[in-house]
Amino acid sequence: MNDLRSAFPPVVQIIGKLRDRISIHEAGHVVVGLALDVGILKGAVVRSGFRSDAPIGGGVVFEPDARLLHRQYLLDDIAMSLAGMAAEQVFFNEHLEGSGDGDGSDLHRAANLATLMAAQFGMGTSINHFKAANPADREVIRRTLPAINRFVEGTLAAQLERAKRIVEENMESVREIAAILYDVGVVDGDQARALFQKRGRPDVD
């Protein structure tokens, strides 16, 4: 058993500055998601550590509810996906690599949503339809169709700036939620909503 344990990648403890960064990052997702009402917040977590082969430090869960998947909702979802990066930039003037670290990362998810908008849903700058059933298809589209790639880049840039504005307007809520994540490691949806609503909901258009 000891030999088996020694073969695993080492565990990196999430403490100090790294924990502060990840707590702000996840709190950014929470606050922007609540501000834009992207779904039912179930909670957020910051882990105590991660293995080098699976560098996931935390996460936020918004459960989808019954709604129409129109263009504005998808843009809101992209803004929420980029809100961790946005919060890091607002609080630290830069972001760490975790926002785009591999498949399933925040940046990967946002790029996939924007690609679907342009390539399959008819919500881009032109009307067409391409097979985009999985992330591999979507990456091929971005690599080979410059017009769609420009739409994706422009959409991500605009929604990142939008997320930053929401974070800036709700910095105290971000700080409060991040402090709980730093100290306790978890905040449930009801607790986070109460903290956010206590300070009101500013204009997020």
With GLU97, GLU88 as the choices, which residue is closer than 30 Å to ARG51 by Cα and open to solvent by 60 Å² or more (accessible area, probe 1.4 Å)?
GLU97
Within the range 122-143, of all residues that are touching a residue at least 12 places away in the same chain (Cβ under 8 Å) and part of a loop (DSSP other than H, G, I, E, B), the one surrounded by the fewest Cβ atoms within 10 Å (Cβ to Cβ) is SER126
Residue check for ILE78: surrounded by 14 or more Cβ atoms within 10 Å (Cβ to Cβ) and over 18 Å from the mean Cα position of the chain (by Cα)
no
Can you tell me how many residues in the range 169-187 are exposed (fewer than 14 other Cβ atoms within 10 Å of the Cβ) and either in contact with a helix residue (DSSP H, G or I) (Cβ under 6 Å, 6 or more places away or on another chain) or acidic (Asp, Glu) (or both)?
2
State yes or no: is VAL60 modelled with pLDDT under 95 and either under 12 Å from the mean Cα position of the chain (by Cα) or not in a loop (DSSP other than H, G, I, E, B) (or both)?
no
Which members of the range 144-160 meet the condition of being among the β-branched types (Val, Ile, Thr) and open to solvent by less than 40 Å² (accessible area, probe 1.4 Å)?
ILE148, VAL152, THR155
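The values are calculated or read from the model by the stated rules, or taken from the named source; none is laboratory data. Since this is a predicted model, take the numbers as computed values, not measurements. Virtual Cβ from ideal backbone geometry, glycine too; neighbours counted across all protein chains shown. The protein model used for the area step is the full one, side chains on, heavy atoms only, and it has no ligands, DNA or RNA in it. Shrake-Rupley method; radii C 1.70, N 1.55, O 1.52, S 1.80 Å.
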